[in-house]
Amino acid sequence: MSKLIELKGITKSFDGECVLNSINLYIRDGEFITLLGPSGCGKTTTLRIIGGFETADEGELYFDGHEISDVPPHKRQVNTVFQKYALFPHLNVYENIAFPLRMKKFSEEDIKTRVTDMLKMVALVGFENKSVSTLSGGQQQRVAIARALVSHPKVLLLDEPLGALDLKLRKDMQNELKTIQKAIGITFIYVTHDQEEALSMSDTVVVMADGEIQQIGTPTDIYNEPKNAFVADFIGESNIVDGIMLEDKRVRMSGHTFTCVDGGYAKNEPVDVVVRPEDVDVVKPEDGMLTGIVTNVTFKGVHYEIIVDIGGFKWMIQSTDYVAPDEKIGLFIEPDAIHIMKKSKYSGMFGDYSSFSDEIDQLSDADTAEEF
Ligand SMILES: Nc1ncnc2c1ncn2[C@@H]1O[C@H](COP(=O)(O)OP(=O)(O)OP(=O)(O)O)[C@@H](O)[C@H]1O
Ligand SMILES: [Mg+2]
C-alpha cells in the first residue's frame with residue numbers, strides 16, 4: 001500500500017491555545033486508520049484539516065504526492081460523514097443519496113445505477129421513497145454513508161459516526177462499516193474515543209493526547225507494546241508500576257526482581273512497567289513473586305476482577321478462580337507479561353486502582369441514570 005495522504009509538522013492553535021502540535025502521519029491507500037483519544041485531544045481538528053474545512057498554521061498536507069493545503073474541500077477526493085448525519089429532511093432516501101451526483105450534473109441514468117448500488121450496499125433496498133425523518137438512527141446513518149460514498153471518493157472521513165447509536169446497533173454498524181470498507185477498498189480515516197471500537201475495526205490506530213500523537217501502530221502493537229503510560233492506561237486495563245531496569249531483561253519493582261523480555265535501557269534506568277490484569281496468575285502466598293491482600297472482588301461473567309493491595313499500591317487482576325476479600329494471595333508473572341516503557345510526562349499519572357471501588361459506584365450510577 002502506497003502513501004495516499006501525508007501530514008508533515010501540522011500545527012494548529014485556536015485563540016493562542018495549541019491544539020495540534022507538529023502532527024506527522026501518513027495514511028496508506030486502502031487503509032482503515034483510526035484517530036483515538038480523549039475529548040479535546042485534537043481528533044476532529046485533524047480530520048477537518050484533511051477535509052479542507054480548517055487550515056493548519058504550520059506544516060504540509062499531501063494527497064497523492066501533491067501539497068493540497070490550498071485546495072478547497074469540494075476539490076479534494078475526500079468526503080466526510082459527521083456524527084450528526086446532516087441529511088436533508090425534505091428529501092426522501094433516494095434523493096438524499098442522489099444529491100451529490102445531481103450537484104455534479106450526472107445523467108439520470110448514471111444516478112439511478114449508482115444510487116441503486118449504494119442502496120444494496122447499505123441494505124436499504126425498498127426504502128427509496130421513504131422520508132428520512134421516519135427512519136431509525138441506524139438507517140439514517142446508512143443513508144449518510146451511502147451519500148458520502150456515491151460520488152466514489154478516494155477517502156472517507158468519519159467523525160464518531162456511530163456516537164449517536166445505542167450499543168447493540170453500534171456493534172452491528174461497526175461490522176457493516178468494516179465490510180463496506182473492505183468491499184470497495186476505500187481509505188477510511190475514522191475518529192472515535194472508544195478504544196474497543198478502534199481496536200476491533202482498524203488496520204492502524206493513532207493514539208492522540210494533548211494535541212500530540214502518542215503512538216501509531218496495529219491494534220495488537222498498541223495493546224501489547226504501549227509506548228508510554230498514557231497509551232497503556234487509555235487502552236484496556238493496566239497496572240503501571242515504577243521500576244528500575246537493573247540490566248537487560250531484569251527489572252526491579254514492588255520489592256522483587258523480575259525477569260522480563262525487554263532490553264536496551266541504561267543500567268538502573270527508572271522505567272514504567274505495565275502488567276495487564278489478565279496476565280497475572282494467582283498462586284499460594286508462598287509461591288508468589290509478590291504477595292498482597294485482596295481488597296475487592298467483582299464477578300464479571302467470564303472472570304473475577306480482583307483488586308489486590310501490594311505494599312499500598314492497588315493492582316487489578318482478572319482470574320477465573322475465586323478469591324475471598326481480605327485473603328492473602330501470591331502473584332506470579334511470566335517474563336513476557338512484563339512490558340517496559342520509557343518514563344514520560346504521563347509517568348505517575350495512571351496505573352493504580354486505589355480509587356477503583358469509587359469509580360465502579362459512580363459508573364453504575366451513571367448507567368442507571370442513562371437508562372431512565
Ligand atoms: N473553531 C474552534 N475555535 C476554538 N477552539 C476550537 C475550535 N475547534 C476546536 N477547538 C478546540 O481545540 C481543541 C481540540 O478540539 P477537537 O474538536 O479537535 O477535539 P476532539 O479530539 O475531536 O474532541 P471530542 O472527542 O470531544 O470531539 C479543543 O480544546 C477545542 O475546544
Ligand atoms: Mg471531535
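Consider residue 37 carefully, then state whether it is in contact with a His (Cβ under 7 Å, 6 or more places away or on another chain) and closer than 16 Å to residue 206 by Cα.
yes
Go through the residues of the stretch 118-125 one by one and say whether even a single one is surrounded by 16 or more Cβ atoms within 10 Å (Cβ to Cβ) and touching a strand residue (DSSP E or B) at 6+ places or on another chain (Cβ under 6 Å).
For the stretch 118-125, residues surrounded by 16 or more Cβ atoms within 10 Å (Cβ to Cβ) and touching a strand residue (DSSP E or B) at 6+ places or on another chain (Cβ under 6 Å): absent.
Working only within the stretch 6-18, note down all residues that are surrounded by 15 or more Cβ atoms within 10 Å (Cβ to Cβ) and either aliphatic (A, V, I, L, M) or within 10 Å of ligand 1 (Cβ to nearest atom) (or both).
7, 10, 12, 18
Select, from 115, 132, the only residue that is modelled with pLDDT of 95 or more, out of contact with any Lys or Arg (no Cβ under 7 Å at 6 or more places or on another chain), open to solvent by less than 30 Å² (accessible area, probe 1.4 Å) and assigned by TED's automatic domain parsing to the domain that holds residue 176.
115
Would you point out the residue of the stretch 34-64, among those that are closer than 15 Å to residue 187 by Cβ and away from ligand 2 (no atom under 16 Å from the Cβ), that is most open to solvent (accessible area, probe 1.4 Å)?
Here the residue is 64.
From the set of residues in the stretch 19-62 that are hydrophobic (A, V, I, L, M, F, W, C) and near ligand 1 (Cβ under 9 Å from one of its atoms), which is nearest to the chain's Cα centre (by Cα)?
Selected residue: 35.
The values are calculated or read from the model by the stated rules, or taken from the named source; none is laboratory data. This is a predicted model, so every value here is computed, not measured. Heads up, the Cβs are rebuilt from the backbone with ideal geometry, glycines too, and the neighbour counts pull from every protein chain shown. Remember, those area values only see protein heavy atoms, side chains included, never the ligands or the DNA or RNA. Shrake-Rupley method; radii C 1.70, N 1.55, O 1.52, S 1.80 Å.
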